[in-house]
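Peer 1: Take this structure first; my questions come after.
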Amino acid sequence: MQTDPIADFLTTIRNGAAAKHQRIDVPASRLKAEIARILKEEGYISTFKMVEENKTKKMLRVFLKYTPDRRSVITGIKRISRPGQRRYLGSTDIRPVVGGLGISILTTPKGLMTGRAARKAKVGGEILCEVW
């Protein structure tokens, strides 16, 4: 059976936010760090950093963000393209998420970017997930 590290990362964020954790730790990769960078730029998480547990194992520590009344900023997160069913979109096919209140994250030839930025740059790609 094949594993999906991106889906595991998104599920850990979803579960951590539901349990009101301050931070979550996941095994690090460049793709996860780029996803965390986009989530930070868009205001869905406070910050993130790489942490070395031992000489061989690196972890990505993500600090979750909450409103003053302790509700999570992330209300929903959904994996779109999966290893068993890849989803690719052209630049004209990229649609707003939750009426423009959410973001989609795409891998494009110009790197990872939000759906809004990909539409503006007129590039398509694989849609990884939607966050709102």
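Peer 1: Name the long-range amide H neighbours of ARG82: under 5 Å, sequence gap of 5 or more, or other chain; modelled H, no Pro or chain starts.
Peer 2: For ARG82, whose amide H was placed from the backbone, the distant partners under 5 Å are ARG87.
Peer 1: Per q in 0.16, 0.22, 0.29 1/Å, what log10 I(q)/I(0) does a Debye calculation on the alpha-carbon atoms of segment 1-69 return?
Peer 2: With no solvent term, the Cα-only Debye profile gives -0.54, -0.96, -1.43.
Peer 1: Next question, about the same structure. Between LEU112, LEU89, LEU39, find the one with the highest GNM mean-square fluctuation for the chain; connect C-alpha pairs within less than 10 Å.
Peer 2: LEU89
Peer 1: Using θ = phi - 60° and the Karplus form 6.51 cos²θ - 1.76 cosθ + 1.60, what ³J(HN,Hα) does each residue of segment 56-71 get, whole Hz, x for Gly and Pro?
Peer 2: Running phi through 6.51 cos²θ - 1.76 cosθ + 1.60 with θ = phi - 60° gives 9, 10, 9, 10, 9, 9, 10, 9, 6, 10, 10, 6, x, 8, 6, 9 Hz.
Peer 1: While we're here: Between helix 30-41 and the chain, what is the angle of the helix's C-alpha long axis to the longest principal axis, kept within 0 to 90° and rounded to the nearest 10?
Peer 2: 90
Peer 1: Going out from 0 in 10 Å bins, what whole percent of all Cα-Cα distances in the chain drops into each bin?
Peer 2: The distribution over the chain is 12, 43, 34, 11, 1, given as percents.
Peer 1: Can I ask one more? Grab the DSSP H runs of the chain that are 4 residues or longer, score each as -39,500 (n - 2.57), total them, divide by all residues and round the 222 nm result to the nearest 500 deg cm²/dmol. Don't jump to the answer; show the numbers that get you there.
Peer 2: Details: 3 runs with 33 residues, N = 132.
Calculated from helices alone, the mean residue ellipticity at 222 nm is -7500 deg cm²/dmol.
Peer 1: Please report, in debye to the nearest 20, how large the charge dipole of the chain is about its Cα centre when each Lys and Arg carries +1 at its beta carbon and each Asp and Glu carries -1 there.
Peer 2: Details: 26 positive and 12 negative charges, 30 e Å.
The dipole of the chain has a size of about 140 debye.
Peer 1: Arrange ILE6, ILE105, ILE45 by Cβ neighbour counts within 10 Å, fewest through most, would you? Don't jump to the answer; show the numbers that get you there.
Peer 2: Values: ILE6 19, ILE105 26, ILE45 23.
Going from sparsest to densest Cβ surroundings: ILE6, ILE45, ILE105.
Peer 1: Rank THR114, THR47, THR67 by mean-square fluctuation in a GNM of the chain with C-alpha springs under 10 angstrom and give only the top-ranked residue.
Peer 2: Residue with maximal mean-square fluctuation among THR114, THR47, THR67: THR67.
Peer 1: If contacts are Cα pairs under 8 angstrom and at least 6 residues apart, what is the relative contact order of the chain in percent?
Peer 2: On the way: 227 pairs, mean separation 29.0, N = 132.
In percent, rounded to a whole number, it is 22.
Peer 1: Run through segment 1-88 and list the trypsin sites (Lys or Arg not before Pro) located in a DSSP loop whose Cβ has at most 15 other Cβ atoms within 10 Å. Walk me through the numbers on the way to the answer.
Peer 2: Details: sites: ARG14, LYS20, ARG23, ARG30, LYS32, ARG37, LYS40, LYS49, LYS55, LYS57, LYS58, ARG61, LYS65, ARG70, ARG71, LYS78, ARG79, ARG86, ARG87; in loops: LYS20, LYS55, LYS57, LYS65, ARG70, ARG71, ARG86, ARG87.
Answer in residue order: LYS20, LYS55, LYS57, ARG70, ARG71, ARG86, ARG87.
Peer 1: Separate question: Compute the distance in nm between two label points, each set 7 Å from the Cα along the Cα-to-Cβ direction, one at ASP93 and one at THR11.
Peer 2: According to this spin-label approximation, the distance is 2.7 nm.
Peer 1: When the Karplus curve 6.51 cos²θ - 1.76 cosθ + 1.60 is applied with θ = phi - 60°, which whole-Hz ³J(HN,Hα) does each residue of segment 78-90 get, with x for Gly and Pro?
Peer 2: Each residue of segment 78-90 in turn: 9, 7, 9, 7, 10, x, x, 8, 6, 10, 10, 10, x Hz.
Peer 1: Quick check for you: which residues of segment 1-37 have the amide N under 18 Å from the point 7 Å beyond the Cα of THR56 toward its beta carbon?
Peer 2: Residues 27-29 fall inside that zone.
Peer 1: Sort VAL51, VAL73 by Cβ crowding within 10 Å, fewest neighbours at the top. It would help to have the intermediate numbers written out before the result.
Peer 2: Values: VAL51 13, VAL73 16.
Least crowded to most crowded, the residues run VAL51, VAL73.
Peer 1: Follow-up. Farthest toward the dipole's positive end in the chain, which of ILE127, MET113, VAL97, given Cβ charges of +1 (Lys, Arg) and -1 (Asp, Glu) about the Cα centre?
Peer 2: Value computed over the given set: MET113.
Peer 1: Per residue of segment 17-27, what does 6.51 cos²θ - 1.76 cosθ + 1.60 with θ = phi - 60° give for ³J(HN,Hα)? Whole Hz please, x for Gly and Pro, Karplus curve as stated.
Peer 2: 5, 5, 8, 6, 6, 6, 8, 10, 10, 9, x
Every read-out reported here was derived from the displayed coordinates using simple, explicitly stated rules and does not represent laboratory data. Everything quoted here is computed from the prediction, not taken from an experiment. Neighbour counts run over all protein chains shown; Cβ positions are idealised from the backbone, glycine included.
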